[in-house]
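S.K.: Pasting a structure below so you can have a look.
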Amino acid sequence: MSGNQGDQNQQFTIQPHPATTNDPRDLVGEVQGGANAFNTPGIQQIPDKVAAALEKPKTRDELEARTKELNK
């Protein structure tokens, strides 16, 4: 038998908590993705040239016709 198999009891240790203060916000990481949208500097407007190039929104009738076409 090997000498390493003599102690088969599990051992657990207590790990230190990563906080250095009692403020829970210290443990929160950088917000990623869409949740970061609330930290934008204000209203974002697209340039007039880009806005003019966008197509007009479809009417309700056009959307219903397209829905029927796709659901055939």
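S.K.: Dipole of region 11-72 (Lys/Arg Cβ +1, Asp/Glu Cβ -1, origin at the Cα centre): which of Val50, Gln11, Thr67 lies farthest to the positive side?
M.R.: Thr67
S.K.: Provide the per-residue ³J(HN,Hα) series for region 40-52, in order, calculated from phi with Karplus coefficients 6.51, -1.76, 1.60 and θ = phi - 60°, each as a whole number of Hz, with x at glycine and proline positions.
M.R.: 6, x, x, 5, 9, 10, 7, x, 4, 5, 6, 5, 5
Read-outs: derived from the displayed coordinates by stated rules, not from any lab. Note that this is a predicted model, so its numbers are computed, not measured. Methodologically, a virtual Cβ is constructed for each residue, glycine included, from the backbone with ideal geometry; neighbour enumeration extends over all protein chains shown.
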